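Quick notes on the structure that follows.
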Amino acid sequence: MKKRGKQIKKEAIITLIIYLIYFLWWYFFAFYNTEKPENYTYVLGLPYWFFMSCIVGFFMINILLFFVIKLFFKDMDLD
């Protein structure tokens, strides 16, 4: 039982850290932008800040989650 509880705590901490990384990535690109809208740089028709925070951030966090789940998370019976 202790081993399972330890693993659950580890997974919860890793999940919170990943969420914090994603939030900081999103916040940096979404709110650090100080340009006026007429001076925006566009990528695929989207403003650069939106593209980096929402599109690139989404794919980055999914790739990170895939590797973290494969490396650190364990499938266990909760009975």
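The values are calculated or read from the model by the stated rules, or taken from the named source; none is laboratory data. None of these values were measured; they are calculated from a predicted model. Using ideal geometry, Cβ is built from the backbone for each residue, glycine included, and neighbour counts are taken over all protein chains shown.
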Residues being more than 17 Å from the chain's Cα centre (by Cα) and under 16 Å from residue 15 (Cβ atoms) - total across region 41-79: 3
Index of the failed condition, residue 49 passing every other in (1) surrounded by 11 or more Cβ atoms within 10 Å (Cβ to Cβ); (2) at pLDDT 95 or above: (2)
Odd one out for residue 74, checked against (1) part of a helix (DSSP H, G or I); (2) surrounded by fewer than 13 Cβ atoms within 10 Å (Cβ to Cβ); (3) touching a residue at least 60 places away in the same chain (Cβ under 8 Å): (1)
Conditions (1) part of a helix (DSSP H, G or I); (2) surrounded by 10 or more Cβ atoms within 10 Å (Cβ to Cβ); (3) over 16 Å from the mean Cα position of the chain (by Cα); (4) without any contact (Cβ under 8 Å) to a residue 40 or more places away in the chain; number of the one not met by residue 33: (1)
